[in-house]
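The values are calculated or read from the model by the stated rules, or taken from the named source; none is laboratory data. Note that the structure is predicted; figures quoted are calculated from it, not measured. Here the Cβ positions follow ideal geometry from the backbone for every residue, glycine too, while neighbour counts run over all protein chains shown. Heads up: the accessible areas ignore ligands, DNA and RNA and are worked out on the full protein's heavy atoms, side chains in. Shrake-Rupley method; radii C 1.70, N 1.55, O 1.52, S 1.80 Å.
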Amino acid sequence: MNLLPALRGCCLFACLWSGMLLTSAQTAEPKTQTAPPVQQQWHTLVERMIQQRLQLQAGHFQATTRISFPKTQPEEATILFDAECWFADRFQKVRFDQTVKQPLLRYEEKPEIQTSLSTWIRTPEMSIHTERNRTSVRIYEPDAHPGGYYSPFDVRVLGLVKTAELMQTQTRKRREHFFLPDLVEWLKQYQAEQIESTAAGLTEVTLNKNNPKDTKLILQFDPAQGYTPVSYRFFIKSGMPPQFKSTPVIENKVTWQKRSKVWVPVQYESTNRWIDHHVTMRLKWLKVNQKIPAATFTIDALDLPQGLPVTTDDGEKGIIETQIIDHRNGQNKLIRGGSFISDEELEKP
């Protein structure tokens, strides 16, 4: 039997098969080099941005904030919100002192200014809240939400959330989403429609979170500044037929500077055209990634007043000593203060 034709046939088949495999490999190679899906690019961008923000591990800053209502309220209605914040151990310890000056508009020429003071401290062991201009101190579990007209905020999320989500208590039940790194998973829920580079070298991301797509969010990041979020624009469809307008309903801008080799925000400006709300915040950094004394996050470090002025049912005037009450583990334990001291006793040498 002559095996030569059969061998030639086998060799020909092997050559053809090898050629097909080589052609397939060559055509498949470009697929591995194509750009990743937009959603994957968005997740990668979030991770890069978060890693940069996590480099800020300790600090001390003062924030001066002006909140106005330019279309619906006179200039006299402007609210002044000043805060001083310390944080350490990668935000495991945070202290937030705030002073709010809010005009009470009536018919008189000069409105009365109501000033309120409060402090919020969070450590791994407890959270400390002051009320009534710091004449009442309450100790809760570490995850207890702070009260007050304005809430403490994580400075690292500036430019990523609305002002209401940042510091207004109307959303405080969801505040766990707005502390890094918990914000990461929340951001990834958004669907990225488009990612492109602007002429200024910024990375612009168009996002949506609902269906039908009646809202969209456009964020801009600056890769040259550690992927800092510099622009936030939120759009809502309106009109008939519903469509997006060129002007965003909410627009936020953040300015960053490098301090101690870390990018930190130094100015935040927000315009909410939906509810007529304009916010300008300037941040003065006193320490960046420098040691913050552990005593800063204790009750003993608070500048507490002697007490709250009261008048008894008998008309006797005096103060109720500043109270410190521990509410942890379901208890209601008075640690310090609470006694009534009359004016006569206060005047004694």
task = For Trp263, work out the one condition from (1) at pLDDT below 95; (2) surrounded by 15 or more Cβ atoms within 10 Å (Cβ to Cβ) it doesn't fulfil.
result = (1)
key: Condition met for Glu125 (acidic (Asp, Glu) and either touching a strand residue (DSSP E or B) at 6+ places or on another chain (Cβ under 7 Å) or open to solvent by less than 10 Å² (accessible area, probe 1.4 Å) (or both))   = no
remark   = Condition set in contact (Cβ under 8 Å) with a residue 24 or more places away in the chain and surrounded by fewer than 19 Cβ atoms within 10 Å (Cβ to Cβ), scope the stretch 238-252, selection farthest from Ile195 (Cα to Cα): answer is Pro242
task = Return yes when Ile113 is in a strand (DSSP E or B), open to solvent by 70 Å² or more (accessible area, probe 1.4 Å), aliphatic (A, V, I, L, M) and closer than 24 Å to Gln62 by Cα and no when it is not.
result = yes
key: Some residue of the stretch 22-44 being more than 19 Å from the chain's Cα centre (by Cα), modelled with pLDDT under 90 and charged (D, E, K, R)   = yes
request  = Could you tell me which residue of the stretch 44-77 is farthest from Thr119 (Cα to Cα), considering only residues that are open to solvent by less than 20 Å² (accessible area, probe 1.4 Å) and outside any strand (DSSP E or B)?
outcome  = Leu45
inquiry  = Just to be sure I understand, how many residues within the stretch 265-315 are more than 24 Å from Ile128 (Cα to Cα) and among the basic types (Lys, Arg)?
reply    = 3
Failed criterion for Asp276 (all others in (1) open to solvent by 50 Å² or more (accessible area, probe 1.4 Å); (2) modelled with pLDDT under 95; (3) at positive phi; (4) not aromatic (Phe, Trp, Tyr) hold) = (1)
query = Among the residues of the stretch 147-157, is any open to solvent by 10 Å² or more (accessible area, probe 1.4 Å), in contact (Cβ under 8 Å) with a residue 24 or more places away in the chain and assigned to a strand (DSSP E or B)?
reply = no
key: Condition met for Thr311 (among the hydroxyl-bearing types (Ser, Thr, Tyr), in contact with a strand residue (DSSP E or B) (Cβ under 6 Å, 6 or more places away or on another chain) and open to solvent by 40 Å² or more (accessible area, probe 1.4 Å))   = yes
ask   = Would you call Ser151 under 27 Å from Gln55 (Cβ atoms) and small (Gly, Ala, Ser)?
value = yes
remark   = Note on the stretch 154-201: residues of a type in the set (D, E, K, R) and modelled with pLDDT under 90 are Lys162, Glu165, Arg172, Lys173, Arg174, Arg175, Glu176, Asp182, Glu185, Lys188
key: Top-ranked residue of the stretch 78-105 - restricted to ones that are polar (S, T, N, Q) and not in a loop (DSSP other than H, G, I, E, B), ranked as least open to solvent (accessible area, probe 1.4 Å)   = Gln98
task = Give the number of residues within the stretch 320-333 that are open to solvent by less than 100 Å² (accessible area, probe 1.4 Å) and in contact with an Asp or Glu (Cβ under 8 Å, 6 or more places away or on another chain).
result = 1
